[in-house]
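Following: one structure in structure tokens, then a few remarks.
Each reported figure results from applying straightforward, stated rules to the coordinates on display, with no laboratory input. Just so it is clear, the structure is predicted and the values come from calculations on it, not from any experiment. Cβ sites come from the backbone with ideal geometry, for glycine too, and all protein chains shown count toward neighbours.
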Amino acid sequence: MNTLLMIEDDHRLAHMVVAYLSQSGFEVLHAATGLGGLAQLQDAKETPDMVLLDLMLPDIDGLEVCRRIRALPGAMAQTPVLMLTAKGDPMDRIVGLELGADDYLPKPFEPRELLARIRAVLRRHHLGSPVPTLNEPLKFGSLLIDRDARSVTVRGQACELTSYQFDLLWVLAERAGRVLSRDQIMEAVRGRELEAFDRSIDVHMGRIRSAIEDDAKTPKRILTVRGVGYVFAKQQD
């Protein structure tokens, strides 16, 4: 049974979501504040499989909670985060993705859509979990991408990426030299269950570039092909 942690100060909504997801086979923990949710996450005997995170909280906002989750030690930092918010400003969505959120669902939402998004994120996360395989690490100059270890290093220094960002990087790197459209990338990483948010790929690519490029403003590894998508350079320093 998957365990979810819902950080939401609207008790009525939280009660409804907890009841619905419990009927769908999930164990759902609830915290009404950002700091309370972070405490539950860190104190849990087993790290929850996902965090459902409201953006508007009474103490610290959801963006700050997401940032702190990504700064936690070990596997906790890789916990998938699905943001829930009534705010319609696209910038909030973009900032949330930049901070490492895996998906974003505006309120009000249909419980069935929430369930579908949870399952899609968990499926992606679990498929990306380390398992014994014959995948050889990909090496491009000083960049090393190890799929089995789910690790990325540049000149021996670890690069911090979310699970989703690692999957995006792997899709591009194993097809080095091929131009991929945004739709092709999304299909390879997420499948066809849900449509991507506008610009979500671009936001994540920006984060990946910040982690692996010497200068994210003049990238040499992940190149943009205007009007098409992205290509991962075969020849690198």
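Computed from the alpha carbon atoms alone, the convex hull of the chain holds 130 Å³ per residue. In whole angstrom, the stretch 3-127 maps to an equivalent ellipsoid with semi-axes of 18, 17, 15, each derived as √(5λ) from the alpha carbon gyration tensor and ordered largest first. In this structure, the amide hydrogen of residue 99, modeled 1.01 Å from its nitrogen in the peptide plane, lies closer than 5 angstrom to no residue at least 5 positions away or on a different chain.
How about the stretch 1-82: which trypsin sites (Lys or Arg not before Pro) there are in a DSSP loop, with at most 12 other Cβ atoms within 10 Å of their Cβ?
45
Annotation for residue 35 and residue 95: the two label points, set 7 Å from Cα along the Cα-Cβ direction, are 2.1 nm apart. For the chain, the number of Lys pairs separated by eight or more positions or lying on different chains, with C-alpha atoms closer than 28 Å, is 6. Full extension of the segment from residue 16 to residue 234, taken as 0.36 nm per residue of separation minus the current Cα-Cα distance, would add 73.5 nm. Kindly provide the pair-distance distribution of the stretch 138-232 built from C-alpha pairs, with 10 Å bins from 0 and whole-percent values in order of increasing distance. Answer for the stretch 138-232: a P(r) of 16, 54, 27, 3 percent.
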